[in-house]
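Asker: The structure follows.
The values are calculated or read from the model by the stated rules, or taken from the named source; none is laboratory data. These numbers were taken from a predicted model, which means no experiment stands behind them. Neighbour counts run over all protein chains shown; Cβ positions are idealised from the backbone, glycine included. Just the protein is used for accessible areas: all its heavy atoms, side chains included, with ligands, DNA and RNA removed. Shrake-Rupley method; radii C 1.70, N 1.55, O 1.52, S 1.80 Å.
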Amino acid sequence: MESPKALTFNVTRKNAELIPPAKPTPHEFKPLSDVDDQEGLRFQIPVIQFYRKNPSMEGKDPVKVIRDAIGKALVFYYPFAGRLREHAARKLVVECTGEGVMFIEADADVTLQQFGDALQPPFPCLEELLYDVPGSGGVLDCPLMLIQVTRLKCGGFIFALRLNHTMSDAAGLVQFMSAVGELARGAESPSIAPVWERHLLSARDPPRVTCTHREYDDVPDTKGTLIPLDDMVHRSFFFGPAEITALRSHLPPHLRRCSTFEILTACLWRCRTIAIAPEPTELVRILCIMNSRNQFNPPLPKGYYGNAFAFPIAIATAGDLSKNPLHYALELVRKTKSDVTEEYMKSLADLMVIRGRPHFTVVRSYLVSDLTHAGFGDVDFGWGKAAYGGAAKGGVGAIPGVASFYIPFKNNKGENGIVIPICLPENAMKVFVKELEKMLQGNDEMKAAPKTSVFITSAL
């Protein structure tokens with residue numbers, strides 16, 4: 001179950017540079033929406049893409065191709081080339097200065113093959129593949145995006161990106177990355193035109209909270225249950241068809257048709273709660289990131305690249321969640337998904353203005369984000385689709401250790417499934433693994449089947 005010796009390699013980087021838009025762009029001030037600038041999105045989110053050598057691109061340098069395409073894409077997405085300023089009442093506004101995004105050219109003495117079959121978080125030497133340029137990582141007055149392209153010895157390359165999350169969600173970021181890909185492959189303009197229109201998710205006048213938003217409850221951390229960060233362990237777990245079938249076997253027949261997201265979320269929430277062992281009477285929370293783009297009437301414009309998601313929440317006592325069968329957690333998760341409506345989003349924007357843009361509740365909270373349909377892996381700069389594309393690690397956020405991402409993944413047997421990076425203190429991780437393995441035994445009729453480990457063994 002343990003990984004082999006961790007892979008190490010050297011990365012040689014050139015000095016960071018700024019890539020401005022390839023043509024002049026307007027100098028203006030563009031306010032973010034009241035969903036964008038909440039405290040819980042004021043952090044940098046890392047994404048990483050691995051690309052194999054493509055013989056048809058022989059003689060083409062991915063660094064040059066991508067650098068040029070970024071400059072062209074910024075003509076259309078010029079707010080990304082600006083800098084954030086904070087105005088009265090903590091309102092964030094982009095000053096479109098045209099300064100550009102930060103870019104690093106690099107080479108690594110490693111091949112894609114050496115990463116092993118399992119390209120998945122946590123990635124070795126991530127801080128070398130996505131270098132944190134000193135002074136570049138602030139929310140205000142700093143580049144809104146940092147991109148590092150690292151050539152590999154085998155002719156493949158790694159595209160790593162860090163985004164100020166207040167600017168875009170996963171759907172918006174993939175839209176920008178896809179535009180860079182289209183321009184890199186010779187298009188004159190992106191197939192989806194970017195739409196700013198952040199006023200669509202701004203507070204009403206006067207603001208009025210019309211829905212319940214317990215995800216922003218002000219919860220004191222009386223028992224020190226925010227996870228300590230000093231002994232965090234990062235591990236990834238693979239859920240393919242066999243694992244999902246095993247989890248479904250725990251459910252009563254009328255619930256077995258639930259979605260993969262619902263069953264995984266219920267299972268992970270339950271296992272994680274048992275692992276961190278709160279007092280049985282304490283409330284534990286799960287926040288499910290839900291995209292609201294299609295909940296609006298009419299839907300948000302195609303091309304809208306701001307944050308358009310909410311964190312609907314389910315709450316239970318730790319005792320109820322741990323002692324009840326899996327369907328107890330599942331029914332709570334299912335109910336939260338139906339909470340997100342157009343009115344809910346408007347109420348959320350209003351709450352932000354009334355309450356000073358609070359952070360979502362992190363005490364005894366677990367946040368899950370489904371990236372299986374986000375499209376990171378489909379981004380193509382000319383070398384084909386990514387061998388891996390998506391979140392660079394779990395546990396990222398304005399407060400680390402709280403979030404997990406569901407990432408589409410093909411294992412070395414060729415099975416399509418989902419890989420989920422989990423971040424927990426070492427002792428809690430041991431309990432988590434034990435609980436998860438218990439769940440993956442399935443119910444009685446499945447126990448006879450041969451078992452495989454849910455861990456992915458690789459050179460990481």
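Asker: Measure off 7 Å from each Cα along the Cα-to-Cβ vector at residue 297 and residue 441, then give the distance between these two points in nanometres to one decimal.
Answerer: Between residue 297 and residue 441, the simple spin-label model gives 5.0 nm.
Asker: Add -39500 (n - 2.57) for each DSSP H run of 4 or more in the chain, then divide by its residues: what number comes out at 222 nm, to the nearest 500 deg cm²/dmol?
Answerer: Calculated from helices alone, the mean residue ellipticity at 222 nm is -7000 deg cm²/dmol.
Asker: Report, in whole Å, the centroid distance computed from the Cα atoms of the range 319-394 and the range 56-125.
Answerer: Comparing the Cα centres of the range 319-394 and the range 56-125, I get a distance of 24 Å.
Asker: Separate question: Report the net charge of residues surrounding residue 20, where surrounding means a beta-carbon distance below 13 angstrom and charges are Lys +1, Arg +1, Asp -1, Glu -1.
Answerer: My count for the surroundings of residue 20 gives +1.
Asker: Moving to a separate point now. Could you compute the net charge surrounding residue 297? Neighbours are other residues with a C-beta less than 14 Å from the C-beta of residue 297; K and R count +1, D and E count -1.
Answerer: Residues near residue 297 contribute 0 overall.
Asker: Right, another one. Want the number for residue 257 to residue 324: 0.36 nm per residue separation, take away the alpha-carbon distance, what's left?
Answerer: That works out to 22.1 nm of additional length.
Asker: Determine how large the accessible area of residue 162 is when every protein chain is in place; take a 1.4 Å probe and give Å² rounded to the nearest 10.
Answerer: We get 30 Å² for residue 162.
Asker: Now for a different question. Using a 1.4 Å probe on the protein heavy atoms only, what accessible surface does residue 87 show? Give it in Å² to the nearest 10.
Answerer: Using a 1.4 Å probe on the heavy atoms, I get roughly 90 Å².
Asker: Output the DSSP H helices from the chain with an along-axis C-alpha extent of no less than 18 Å and a mean Kyte-Doolittle hydropathy no less than -0.5.
Answerer: Answer set is 62-76, 170-184, 260-276, 342-355, 426-440.
Asker: Using the Cα centre of the chain as the reference point, and only Cβ charges (+1 on K/R, -1 on D/E), how large is the resulting charge dipole? Debye, rounded to the nearest 20.
Answerer: Charge dipole, the chain, about its Cα centre: 680 debye, nearest 20.
Asker: Of all the accessible heavy-atom surface of the range 283-343, with the other protein chains kept in place and a 1.4 Å probe, what percent is carbon and sulfur?
Answerer: Percent of accessible area from carbon and sulfur atoms in the range 283-343: 53.
Asker: Straight-line reach only, C-alpha to C-alpha below 13 angstrom: list the aspartates and glutamates that residue 23 could link to, leaving out same-chain residues fewer than 8 apart.
Answerer: Filter leaves 68, 99.
Asker: Which one is right for this structure if semi-axes √(5λ) of the Cα gyration tensor in Å is calculated from it: (1) 37, 24, 20; (2) 42, 26, 23; (3) 34, 30, 19?
Answerer: (3)
Asker: Check the straight Cα-Cα distances from residue 323 and name the lysines below 30 Å, setting aside those fewer than 8 residues away within the same chain.
Answerer: 223, 335, 337, 430, 434, 438, 447, 451
Asker: What length, rounded to one decimal in nm, is gained on full extension from residue 335 through to residue 187, with 0.36 nm per residue of separation minus their alpha-carbon distance?
Answerer: Extending this stretch completely gives an extra 48.9 nm.
Asker: Give me the distance between the Cα centres of the range 398-428 and the range 257-303, rounded to whole Å.
Answerer: 15
Asker: At 1.4 Å probe radius, can you tell me the per residue accessible area of the chain in Å²?
Answerer: Value returned for the chain: 41 Å² of accessible area per residue.
Asker: Hey, another quick one. Which of the lysines could a cross-linker bridge to residue 53, judged by Cα under 30 Å and excluding same-chain residues fewer than eight apart?
Answerer: Within the straight-line limit of under 30 Å, residue 53 reaches these lysines: 5, 14, 64, 72, 153, 385, 393, 410, 413.
Asker: By how many nm would the segment from residue 113 to residue 127 grow when fully extended, if each residue of separation counts as 0.36 nm and the alpha-carbon distance is taken off?
Answerer: Working it through step by step, the gained length comes to 3.0 nm.
Asker: Okay, moving on. Under a point spin-label approximation (7 Å from Cα along Cα-to-Cβ), what is the residue 89-residue 9 distance to one decimal in nm?
Answerer: Going from the residue 89 label point to the residue 9 one covers 5.0 nm.
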